[in-house]
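Enquirer: Just passing along the structure, written as structure tokens.
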Amino acid sequence: MASFVRYDPFGPPNDLVERFFNRALGSKELTGFDEGALGVDISETDNELVVRASLPGFSEDEIDVELHQGVLSIKAEHRSSEANEEERYHRRERRWSTLSRRLALPGMLHDANVNAELRNGVLTLRIPVPAKAKPRQIKIAAA
């Protein structure tokens, strides 16, 4: 005689949460602090860490960038768009929008001097990477 196992699509609560996050995040393992919805690319050269963020339609005065204790914060906010008095609007959705992202940067970048540039809707941040500590030979003086 065959036995049937009832399928529960929701399963125990822990399985439901785990399946949701695995699907939503593409089964990637989360590491470090990361918060927000702004897409960024982070790369590194021998001398600097390069962060690129897509901010189409934002101007320099609408973007706020802060680096504090190794956490990079980027926030962009459209305050309003001008309404045309001669037109009747059926929908106005471009008056206000906000994008933000906070993420922990790798390495010792607590108080680095950041070079920021906005070109063609891409914010590029160049952060100098401090020289890595190298072991040095210590000479012992004869007594």
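The values are calculated or read from the model by the stated rules, or taken from the named source; none is laboratory data. Since this is a predicted model, take the numbers as computed values, not measurements. For neighbour counting, all protein chains shown are included, and Cβ atoms are generated from backbone atoms with ideal geometry for every residue, glycine included.
Enquirer: Look at the range 103-143 and say how many of its residues are at pLDDT below 80, of a type in the set (D, E, K, R) and closer than 30 Å to residue 59 by Cβ.
Expert: Adding up the residues that qualify gives 1.
Enquirer: Let me ask something additional. Can you tell me which residue in the range 33-80 is modelled with the lowest pLDDT, limited to those that are surrounded by 10 or more Cβ atoms within 10 Å (Cβ to Cβ) and at positive phi?
Expert: This residue is 36.
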